[in-house]
Every structure is written in structure tokens, then in C-alpha cells.
Amino acid sequence: MTTSYVQEIPGLGRATGKLTGRVAFVTGGTRGIGAAIARSLAGQGATVAVGYCNDSAEDFVANLTEQAQAHRATASAHQGDISSAADCRRTIAEVIETHGRLDILVNNAGITMDKTVAAMTEEDWYTVLAVNLSGAFFLSQAALAHMVERGTGRIVNVSSVVGETGNIGQANYAAAKSGLFGLTKTLAKEAASQLDKSGLRTDYGIGITVNAVTPGLIATEMTDRIPERVMSKLTSQIPVGRAGRPEEVARVVHFLAADASAYLTGQVWSVNGGMDM
């Protein structure tokens, strides 16, 4: 069953209006990094649709309204199962039907089912890959067709430093997040090729770009459950000496989503305090 609603919200954060008139869809957009990205895009003037699975999105949109500052935009919430190709196609169509267009797709939704390789079940493996990698593929596939038709668009895949370094107990998660690198670069090349064939590519135009962002240790609801001694050990391994904030990831995403970032595509942007140096 589809659950959606539309509510007017003013933009949040330091408003510049650089995304005024744009429509963004952020999967996993009601909590943690996804919520920060949604607020950041709204703060730049974008209309923001958030995707969610189990939790209600009403409180989140209500909070956006309470924090309203400069821009007025439309927000909507769209419930779906990212591991389902059909749901991925449906939610993209739903966003376009609701707002008339889709300019920015942020593939942020992800899950963990951590176990060592020896203990990992088939379900643990396939479930994490279905959400974290296949979901991004099917969402991007549907969004890219619409973007090529219009001649403009931005896709940002939220990966992880674990996709670069690996991590004990996270073979499924690391494989999925690493897979996003190959998906990002292939989508970037195909988007440019398709845009050229469509005859809509112009010199110095907005174009269609696809990039990835790799957060490191970011302070969210998940890290709140990490014991203090473990957190201290983790932060001691980060050159800047602390965990990152969701807003610091969001800032990179809204930079990549801007019209002016047309010459940046197929790249992996690390937001990890120097963990991978």
C-alpha cells in the first residue's frame, strides 16, 4: 500500500536558494544522515521528497515545518521497500507524479546485518545487498530515464568508508558499499553517453552527473549505542580526532546537487576526517 502526503515547508539551514525550483528524492530520508541531507537540500530551496520504510514520516515533516526559515517549498513522504525493484520504480514514479519532475536522487537508504563471514547466512548476505546496492541500481535506473528525457539531473550515492577499507563482521555491507563505486562510475558514463545521443547536451549546461559520497564515523542514533571506550578508540584513529556530523555529509551532497557542479561526475567524495589517508 502506498502512503504519501504533501505539506508545505520553508527551507532549513543557511538559505542560498541555489536549488530553488529543483525536486529532490532522498531515500532513508527521515533519520540520521538522510534527514540531514533532506534538511540541507530544503535549506537550499529545493522541494524535498523523503523515502522511508517502517517509521512514520509525519513527525519528521512536522519538524521541518517548525524549523522553517527562509525558503518555502513542498515536501512529501513516500513509503516503500528499497529491496523491491517494483517499489523502487513505483516511488520514483510517485515523486514525479506528485511534483511534476525529479532533478536530484540521493540513494541514502541502507541497512546492516553484521556477522563474521563464518556466521553469515544467505539471508544476511542477500538482504543487505538488495537494499544497499540493488535498491540504488533500480532507483537510479528509473530516475535516469526521466533525467535523460529532460536533459538534466543529479544522482548522489551514499556509500561508506567501509566500502574502501573493509571491516570485520561487515562483509555484506562492505561489498554493497564498494559496489556503489562501480555503479556510480558506470552510471556517470552512461548518463553522459545517453545525454549526448539525445541531442540535449550543451556546452556548459547543467547536464546529468552521478557521484558517490563516503561517510566515515558519523554521529547518529546508531553511534549513540556504541560504548564510550569503544568510541574513544575509534575516534583516536581519525586524524581530526572526532566523529563527523550528519550535516557535514549533507553539505557535500548539496554541493554535488547544485547546477554549478556540472563538471563533477563519476567521483567518490570522502567525508571521513582523514580515516582513509
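The values are calculated or read from the model by the stated rules, or taken from the named source; none is laboratory data. Computed from a predicted structure; not experimentally measured. Backbone-built Cβ (ideal geometry, glycine too); neighbour counts: all protein chains shown.
Just one of the numbered conditions (1) modelled with pLDDT of 95 or more; (2) in contact with a Ser or Thr (Cβ under 6 Å, 6 or more places away or on another chain); (3) outside any helix (DSSP H, G or I) is not true of Val213: (2). The requirement of being assigned to a helix (DSSP H, G or I) and surrounded by 18 or more Cβ atoms within 10 Å (Cβ to Cβ) is satisfied by Val252.
Only one of the listed residues (Val213, Val106, Val161, Val148) is buried (at least 23 other Cβ atoms within 10 Å of the Cβ) and in contact (Cβ under 8 Å) with a residue 60 or more places away in the chain. That residue is Val106.
On the stretch given as segment 109-134, residues that are farther than 20 Å from Arg154 by Cα and either of a type in the set (Val, Ile, Thr) or in contact (Cβ under 8 Å) with a residue 24 or more places away in the chain (or both) total 16. Applying the criterion of being closer than 25 Å to Leu102 by Cα and not charged (D, E, K, R) to the residues of segment 216-249, the residue that is surrounded by the most Cβ atoms within 10 Å (Cβ to Cβ) is Val249.
Scanning segment 23-42 for residues that are under 9 Å from Val158 (Cβ atoms) and assigned to a helix (DSSP H, G or I) yields a count of 3. Looking only at residues in segment 164-191 that are buried (at least 19 other Cβ atoms within 10 Å of the Cβ) and farther than 26 Å from Ala118 by Cα, the one that is farthest from the chain's Cα centre (by Cα) is Ala191. Candidates in segment 194-210 are the residues that are modelled with pLDDT of 90 or more and buried (at least 16 other Cβ atoms within 10 Å of the Cβ); of these, the one that is nearest to Ser160 (Cα to Cα) is Val210. Restricted to segment 73-103, and to residues there that are within 23 Å of Ile206 (Cα to Cα), modelled with pLDDT of 95 or more and buried (at least 17 other Cβ atoms within 10 Å of the Cβ), the residue that is farthest from the chain's Cα centre (by Cα) is Ile96. Residue check: Thr235 meets all listed conditions (1) part of a loop (DSSP other than H, G, I, E, B); (2) modelled with pLDDT under 95 but one, namely (1). For residues that are of a type in the set (A, V, I, L, M, F, W, C) and more than 21 Å from Arg39 (Cβ to Cβ), scanning just segment 219-259, find the one that is farthest from the chain's Cα centre (by Cα). Selected residue: Val230.
Being modelled with pLDDT under 95 and either over 17 Å from the mean Cα position of the chain (by Cα) or basic (Lys, Arg) (or both) is true for just one of Leu64, Leu19. Which residue is that? Steps first, answer last, please.
Values: Leu19 fails: either over 17 Å from the mean Cα position of the chain (by Cα) or basic (Lys, Arg) (or both).
The conditions single out Leu64.
Residue pairs whose Cβ atoms lie under 9 Å apart, sitting 6 or more positions apart in sequence or on different chains, and linking a residue in segment 178-201 that is under 12 Å from Ile155 (Cβ atoms) and charged (D, E, K, R) to a partner that is modelled with pLDDT of 95 or more and in a helix (DSSP H, G or I), are Glu190/Leu144. The residues on offer are Ile226, Ile218, Ile208, and the sole one that is within 13 Å of Gly151 (Cβ to Cβ) and not aromatic (Phe, Trp, Tyr) is Ile208.
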